[in-house]
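Here is the structure we will look at.
Read-outs: derived from the displayed coordinates by stated rules, not from any lab. Model, not experiment: these values are computed from the prediction. Reconstructed Cβ throughout: ideal geometry from the backbone, glycine too, with neighbour counts over all protein chains shown.
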Amino acid sequence: MGSRVKQMLMSGLAAVVVTLVLCACGSSSTPGISSVAPTTSSGSTPRGLGTGKPAVTIGTKNFTEELILGQLYAQALRAKGFSVTLKNDIGASEVVHRQLAAGQIDGYPEYTGTILSVLAHDSRRPPDANVAYTRAAAFERQHGDVLLAMAPATDTDVVIAKPAFAARRHLSTLADLARLGAAATLAGPPEFKTRFNGLVGLNQVYGVRHIGFTPVKIGDQYQALENGRAQLAAAFTTDGQLSQGGYALLADPQNIFGFQNVAFVVRGDTLAREGPAFAQTINSVSAKLSTQALRVMNAAVVLDQQSPVAVARQFLGANGLA
């Protein structure tokens with residue numbers, strides 16, 4: 001691993017440990033921590049409790065951070081003796097959730113705001129992260145699934161631009177995009193065009209109309225900015241590319257992109273089969289995820305070309321989870 005990214009990763013891990021210690025002093029009321037089983041340190045869940053349990057299949061969505069999260073949860077579960085198959089890069093939330101409903105996967109890492117806006121089609125903007133979690137968990141229960149503990153880590157959509165373009169057009173918030181009209185094109189994943197936390201919300205809430213849209217694979221929006229195919233791009237706040245600077249991030253004062261804390265969705269019947277150690281293991285990983293840790297791990301994969309397997313292994317080892 002390159003020295004720059006390695007230093008970032010270790011700094012991020014240190015920040016995670018500090019955050020966890022602080023949360024342990026007063027987070028007993030955090031939604032989701034006790035919804036199935038209490039979040040515990042790895043030391044309180046003896047190794048081998050998953051031995052002999054039915055095999056499970058974990059899915060992931062189609063971008064770098066999801067591949068890392070899938071590895072984090074899968075490796076932690078295997079360390080406890082669970083038999084895990086990892087089904088990577090399935091697609092967008094709509095596709096992955098259909099596979100969950102069909103029993104093709106047993107669970108996957110998701111984001112609370114995405115559950116609300118994309119899966120539940122709930123355009124109400126929750127006042128805080130806890131309300132977002134509560135509503136998302138209620139939606140999952142209606143479908144026979146369980147939303148495990150909400151991680152401190154959050155990864156929110158963000159519209160970005162090259163600084164020179166943002167300065168020339170006086171762009172600082174999403175509301176400023178309403179002035180652009182057809183003078184700009186936004187690059188983003190295909191689903192951004194039809195989601196409320198996408199062009200639909202930009203139109204309805206900020207009055208953004210007539211800007212062009214170029215569908216690209218997640219990650220390729222940065223190249224679209226660099227080569228001039230687009231002047232704006234839909235990105236994620238934890239993208240490794242953003243750790244280098246060089247981009248203007250537009251503020252979202254109306255919060256159309258919502259609260260996007262990481263949370264693991266699991267089928268209710270799977271949870272019953274696997275026993276409490278399954279939820280405890282997943283919750284122990286989620287509890288140690290911070291936004292900074294996600295950003296650093298993403299950078300290690302995207303910028304330093306490390307594998308999600310290796311990056312996840314280092315994070316789990318540093319936090320006593322594998």
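Here the chain is assigned +1 on the Cβ of each Lys and Arg and -1 on the Cβ of each Asp and Glu. Its dipole about the Cα centre then comes out at about 220 debye. Size descriptor for segment 76-167, Kirkwood hydrodynamic radius: 15.4 Å (Cα pairs only, one decimal). The alpha-carbon of residue 162 sits under 23 angstrom from the alpha-carbons of these lysines, leaving out residues fewer than 8 places away in its chain: 193, 217. When the charge dipole of segment 157-249 is built from unit charges on Cβ atoms (+1 for Lys and Arg, -1 for Asp and Glu) and taken about the Cα centre, the candidate among 205, 245, 180 whose Cα reaches farthest toward its positive end is 180.
Compute the length gained on full extension between residue 165 and residue 55: take 0.36 nm times their separation in residues and subtract their Cα-Cα distance, giving the result in nm to one decimal.
Value of the extension gain: 34.5 nm.
In this Cβ point-charge picture (+1 for Lys and Arg, -1 for Asp and Glu), segment 157-249 has a dipole of about 300 debye about its Cα centre. Near residue 236: Cβ cut-off under 12 Å, other residues only, Lys/Arg at +1 and Asp/Glu at -1. The net charge is -3. For segment 225-322, the equivalent ellipsoid derived from the Cα gyration tensor has semi-axes of 31, 19, 12 Å, listed largest first.
Electrostatic tally near residue 294: other residues with Cβ closer than 10 Å to its Cβ, Lys and Arg +1, Asp and Glu -1, net -2.
Listed by chain and number, the lysines whose C-alpha is less than 28 Å from the C-alpha of residue 288, apart from same-chain residues fewer than 8 away, are 6, 53, 61, 80, 87. For the chain, what log10 I(q)/I(0) values come out of the Debye formula at q = 0.09, 0.10, 0.14, 0.15 1/Å, with one point per alpha carbon and no solvent? Rounded to two decimals, the profile gives -0.45, -0.56, -1.09, -1.23.
Peptide packing: for 125-131, 147-153, the average count of neighbouring Cβ atoms within 10 Å per residue gives the ranking 147-153, 125-131, highest mean first.
Across all directions, the shadow cast by the convex hull of segment 157-249 built on its C-alpha atoms averages 5.2 square nanometres.
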